[in-house]
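Working notes, structure below.
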Amino acid sequence: MNQLTKEEILQQLLGLNSSDLLEIESTIQTMHKLGINLTSNKSKKQVAKISVSNKTKEQLQKSVISLNQDSIENARFSNGLYCISCGCVDGIVKNGKRKNGLQKYKCKNCGHYFSGAKDSVLSGTHKRIEVWETFVWCMNEKYTLSKAAEKCNIHRNTAFMWRHKILNALRDKEKVMLGGIVEADDTFFLVSYKGNHKNAGNFATLYGRAARKRGGENHTKGLSHEQACVACGVDRSQHSFSTVAGTAALTSEKIEKVFTGVIQKESVLCTDGVLSYNDFAQNNNLQLETINATEKQRGIYHLNNVNSYHSVIKAFVSQFKGVSTKYLNNYLLWCNWVQRKKMKDKLRIDTMLKTSLEYKGKIRYCDVLLGAL
Ligand SMILES: [Zn+2]
């Protein structure tokens, strides 16, 4: 068997030490023993990548977890320490630590005690900041609730609330802007009232029918109020946007509502020839290019990117087994966030963590449950 030379591997994967190399070699040998022969250098390199990818993940997690108490303080008090109750900057003294490891302060001016987490996404939690950081890492890895709860040693309900706290924080911070050639098309998800059967009466009034059991077929054929319409837009710089526009077909009014402020003026809007985009295009100085089903592509204009994006969001949402429609927007945001190919994992996790720490809105469990749609 040809040995993979150290030089080759080092060239491919920078920063590997000799124990990494041993690990890779042993993987190749194990495969050889199993009767899998690696004939090309290309496949050897792939094995090398797989062997180190688990290690890299752990390293990444460690580097994120090195963000600690300081990260909250830096995020919250980037312009200097101030009293979160009265806003004064003088007369603030340290006053021990909270159980979760956070520095506590006392304001001599108003007498209030506070930590960097007061009124932030972390308030009301007794978990240490390190647990929160691990959870953010799990979000980036698209972990399911049970997996994330196990990894962080927290209850599933806590994990559920944390997930939506982070996504709410990201939503406030993230403003997507599509430009250039923008492909727009809608897709549908079955309306699910999961976790909201107590309010099924309200839903029945809203949508004209009673709650459906999980996995059930919708009652009527074609587009109806049983289907949540998700408006999607993708530009050629890999920016993507999706949001629940309501139920049933996408109308001009819905388009105006969801895409205003999302598509730059004077962009080119590619759609499938549905007339409802006409007004929006006109009002926003957009060049409208309609591609009908038989045509598929006209020069550089097509809907391939938005169509494959539909598959991406469907696959993402389906792995979470019966996402309730009221949380669908949060899952779409999460999907957009983790699919962003141009962003490195480290930066993604860092930003997610900082955003959630800087988020000043206090989120309670009931807020999470009442959120969206
Ligand atoms: Zn004060």
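Order these peptides, 180-193, 236-249, by their mean beta-carbon neighbour count within 10 angstrom, highest first.
Highest to lowest by the protection proxy: 180-193, 236-249.
How much net charge surrounds Thr187 when only other residues with a Cβ under 15 Å from its Cβ are counted (Lys, Arg +1; Asp, Glu -1)?
Net of charged neighbours comes to -3.
At R0 = 30 Å, how high is the FRET efficiency between Gln264 and Phe320 if r is their beta carbon distance? Nearest 0.05 is fine.
0.40
Gln29 to Ser311: extension gain in nm, 0.36 nm per residue of separation minus the Cα-Cα distance?
97.7 nm
In the structure shown, do any of Lys151/Lys346; Lys147/Lys314; Lys147/Lys321; Lys147/Lys342 have a Cα-Cα gap over 24 Å, and if so which?
Lys147/Lys342
Calculate, in nm to one decimal, what Lys342 and Arg128 gain on full extension: separation in residues at 0.36 nm each, minus their alpha carbon distance.
Roughly 73.9 nm would be gained on extension.
Values quoted throughout were computed directly from the atomic coordinates according to the rules given, and no laboratory measurement underlies them. Note that the structure is a prediction, hence the values are computed from the model and not measured. Note: ideal-geometry Cβ built from the backbone for every residue, glycine included; neighbour counts use all protein chains shown.
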